[in-house]
1. Determine whether the range A:10-25 contains at least one residue that is part of a helix (DSSP H, G or I), under 27 Å from residue B:104 (Cα atoms) and in contact with a strand residue (DSSP E or B) (Cβ under 8 Å, 6 or more places away or on another chain).
2. Would you tally the residues in the range A:16-54 being in contact with a helix residue (DSSP H, G or I) (Cβ under 9 Å, 6 or more places away or on another chain) and within 11 Å of another protein chain (Cβ to nearest Cβ)?
3. Among the residues of the range B:63-89 satisfying the criterion of being more than 10 Å from chain A (Cβ to nearest Cβ) and part of a loop (DSSP other than H, G, I, E, B), which is surrounded by the fewest Cβ atoms within 10 Å (Cβ to Cβ)?
4. In the range A:90-126, what residues are assigned to a loop (DSSP other than H, G, I, E, B), more than 8 Å from chain B (Cβ to nearest Cβ) and under 17 Å from residue B:104 (Cα atoms)?
5. Working only within the range B:26-55, note down all residues that are in contact (Cβ under 8 Å) with a residue 12 or more places away in the chain and part of a helix (DSSP H, G or I).
């Protein structure tokens, strides 16, 4: 008799709930917002300045989805003028660290990528 | 007199070439394929089995873009029957490691995310 099995949590399995968790954060805005929050809580306008190219609509939408899934904590200080801050949660923090590594990789290697593209496209034409 | 400045490589800058490098890999298939290749070279059909839910078309397209940018090396052994393998390059390897960390995070915390969503959606209704 087989004992009851926990559902698979292998991210390589298309139907695993861990795959859904991966898909939630597999986009550039989450990959930039999480590292942006790494050094401490930030307000909406600070994030808008920090993450170049993000629109207010996309920022609102991404923050809300991250908050909804418990990766980001939203704190409303209920003050006048309004003071709302966003911060990484304990669950979100290690993901923020992994995305910091991705950002550093991009900064360290973008020239290697450009060189590779040139070589590849040259071969294709040759 | 200002000295010539190297172009910014800050991934938070929308126009930085490092941002383009980040965007290239900010998708779930790259985030699964790179870790899949971490334990050694794999063939097309092995990758198709390993990365659940990927279509042949998407696999071909993603592998080609990763190869073009020098993250993945394609080796054709020019044998009969054909034997083509894909492997991480030295440039791709550290990114593969970062994405392994993302996958492990998803496997470790998908339940926390589900709990947070339930709480959030309950508050919304309440």
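1. Of the range A:10-25, the ones part of a helix (DSSP H, G or I) are A:17-25.
Now drop any that are not under 27 Å from residue B:104 (Cα atoms), which leaves A:17-25.
When the remaining residues are screened for being in contact with a strand residue (DSSP E or B) (Cβ under 8 Å, 6 or more places away or on another chain), the result is none.
No; the residues of the range A:10-25 include none that is part of a helix (DSSP H, G or I), under 27 Å from residue B:104 (Cα atoms) and in contact with a strand residue (DSSP E or B) (Cβ under 8 Å, 6 or more places away or on another chain).
2. Initially, the range A:16-54 is screened for residues in contact with a helix residue (DSSP H, G or I) (Cβ under 9 Å, 6 or more places away or on another chain), giving A:16-38, A:42, A:44, A:46-48, A:50-54.
Imposing the further condition that a residue be within 11 Å of another protein chain (Cβ to nearest Cβ) reduces the set to A:16-36, A:47, A:50-54.
Qualifying residue count for the region: 27.
3. B:81
4. Of all residues in the range A:90-126, those assigned to a loop (DSSP other than H, G, I, E, B) come to A:90-91, A:126.
After this cut, where a residue has to be more than 8 Å from chain B (Cβ to nearest Cβ) as well, the list is A:90, A:126.
Across the range A:90-126, the qualifying residue is only A:90.
5. Once the filter is applied, which keeps residues that are in contact (Cβ under 8 Å) with a residue 12 or more places away in the chain and part of a helix (DSSP H, G or I), the range B:26-55 yields B:29, B:30, B:31, B:32, B:33, B:34, B:35, B:36, B:44, B:47, B:50.
We did not get these values from a lab; they are worked out from the coordinates using the rules stated. On a predicted model such as this, the values are computed, not experimentally measured, just so you know. Backbone-built Cβ (ideal geometry, glycine too); neighbour counts: all protein chains shown.
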